[in-house]
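Single-structure report; data block below.
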Amino acid sequence: MIQAARILAEAAAIYDNKNATESCSYGPEARGSSCRAEVIISDEAIDYPKADKIDFLITLTQEAYNKHIADLEAGGTVVIAQTIVTGDELKDKILYKVPFIEIMDNQCGSEQMINIVALGIVARISNLVSKAAIRQAIMARIPKKSEDIYLKAFEFGFAINIEPVQH
């Protein structure tokens, strides 16, 4: 997800002429460890690079959901894997449940692309950054030999037609 956050921040700052910051933290393990990536996007100057109010959250694991859901503001949007168990903490939030495991197994063919699929979903439902800007940022950041795979994963995520879950 850190890679997706960096692409999103670059798309906003470089290609959509917005102000953006990105920060991340992760455990000492390699891939698969717990991580957190924050992106702040604004039309105004950003005076502090860490998010103090989160209005959009995406979590792929129960552990991440449990750890970060309390940080989401009232009225905020959360995108989660269908397998995540939720409760009353979502009563004032907008919830999207996505079959990430099914997508990974049947559509992407690679666990490594799920972050880019998630980026496509975020781009579609948030309207924070233009689709064209994100495509440009992907092309600028990804090795030339991998561009097709990344763009296909992004387009797949962007095309997913999901509606908020009533809870």
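Values quoted throughout were computed directly from the atomic coordinates according to the rules given, and no laboratory measurement underlies them. The structure displayed is predicted, hence computed values, not measured ones. Note: ideal-geometry Cβ built from the backbone for every residue, glycine included; neighbour counts use all protein chains shown.
Annotations
- Packing-based exposure ordering (other Cβ within 10 Å, fewest first) of Asp88, Asp55: Asp88, Asp55
- Label-point gap, in nm, between Leu90 and His68 - each point 7 angstrom along Cα→Cβ: 1.6 nm
- The alpha carbon centroids of segment 127-159 and segment 49-125 are separated by 19 Å.
- Converting phi to 3J(HN,Hα) with the Karplus coefficients 6.51, -1.76 and 1.60 and the offset θ = phi - 60°, segment 69-82 yields 4, 5, 7, 7, 5, 4, x, x, 10, 10, 10, 10, 5, 4 Hz in sequence order, with x at every glycine or proline.
- Antiparallel %, DSSP beta bridges [both residues in segment 2-159], to 5: 45 percent
- Karplus-derived 3J(HN,Hα) values for segment 153-162, using 6.51 cos²θ - 1.76 cosθ + 1.60 with θ = phi - 60°, are 5, 5, 4, 4, x, 5, 7, 4, 9, 10 Hz; glycine and proline are entered as x.
- Under the Karplus curve 6.51 cos²θ - 1.76 cosθ + 1.60, θ = phi - 60°, whole-Hz ³J(HN,Hα) for segment 114-124, x wherever Gly or Pro sits: 5, 5, 6, 4, 4, 4, x, 5, 4, 4, 5
- The chain: C-alpha gyration tensor shape, a/c 1.5 cut-off, then a/b vs b/c: rounded
- Extension gain, Asn19-Ile2: 0.36 nm per intervening residue step, less the Cα-Cα distance, totals 4.3 nm.
- Contact order for segment 2-159, expressed relative to its length and based on alpha carbon pairs under 8 Å spaced 6+ residues apart, stands at 22 percent.
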